[in-house]
Amino acid sequence: MTVRLTTARLNIGPDVEAGQDEDTWEWLRHAACTGSDPELFFPVGDSGPAVEQAERAKKVCHGCPVESQCLEWALATGRTSGVWGGTDEEERRRLRRRADRHRPPDGPPARP
């Protein structure tokens, strides 16, 4: 039996992310993963079968019309587990570190 992946199963939605309305999740309606078993996207471990499972999940992502929105959301919300937007946990950590290195430093405090 396949369980549908929905905003409720992902613990995302207006009730979780305060101040956001239903349109915030519109991209999810078009996600290729919505008909998939959510467990595919959350492999346990980082070797052997878990690596193969993550690769299968990424294949779903790479054929998805909203892959970039999903990745953007995962980075913006700090998702640290699972496959999101075609990336695993380590790939997102590298993306965040790279973005942090290229972020301009804060300037001096404004004078009154």
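Quick grid of which residues meet (1) at pLDDT 95 or above; (2) open to solvent by less than 20 Å² (accessible area, probe 1.4 Å); (3) at positive phi; (4) of a type in the set (D, E, K, R):
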{"site": "Glu17", "(1), (2), (3), (4)": "no, no, no, yes"}
{"site": "Asp23", "(1), (2), (3), (4)": "no, no, no, yes"}
{"site": "Glu52", "(1), (2), (3), (4)": "yes, no, no, yes"}
{"site": "Lys58", "(1), (2), (3), (4)": "yes, yes, no, yes"}
{"site": "Leu75", "(1), (2), (3), (4)": "no, no, no, no"}
Legend entry - Positions within region 64-107 being small (Gly, Ala, Ser) and either more than 19 Å from Leu28 (Cβ to Cβ) or in contact with a His (Cβ under 8 Å, 6 or more places away or on another chain) (or both), in sequence order: Gly86, Ala99, Gly107
Legend entry - Selection from region 71-87 of residues that are farther than 18 Å from Glu39 by Cβ and aromatic (Phe, Trp, Tyr): Trp73
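The values are calculated or read from the model by the stated rules, or taken from the named source; none is laboratory data. This structure is a prediction, so every number in the text was calculated from the model and none was measured. Ideal geometry is used to build each Cβ from the backbone, glycine not excepted, and the neighbour counts take in all protein chains shown. Keep in mind that these areas ignore ligands, DNA and RNA; they rest on the heavy atoms of the full protein, side chains included. Shrake-Rupley method; radii C 1.70, N 1.55, O 1.52, S 1.80 Å.
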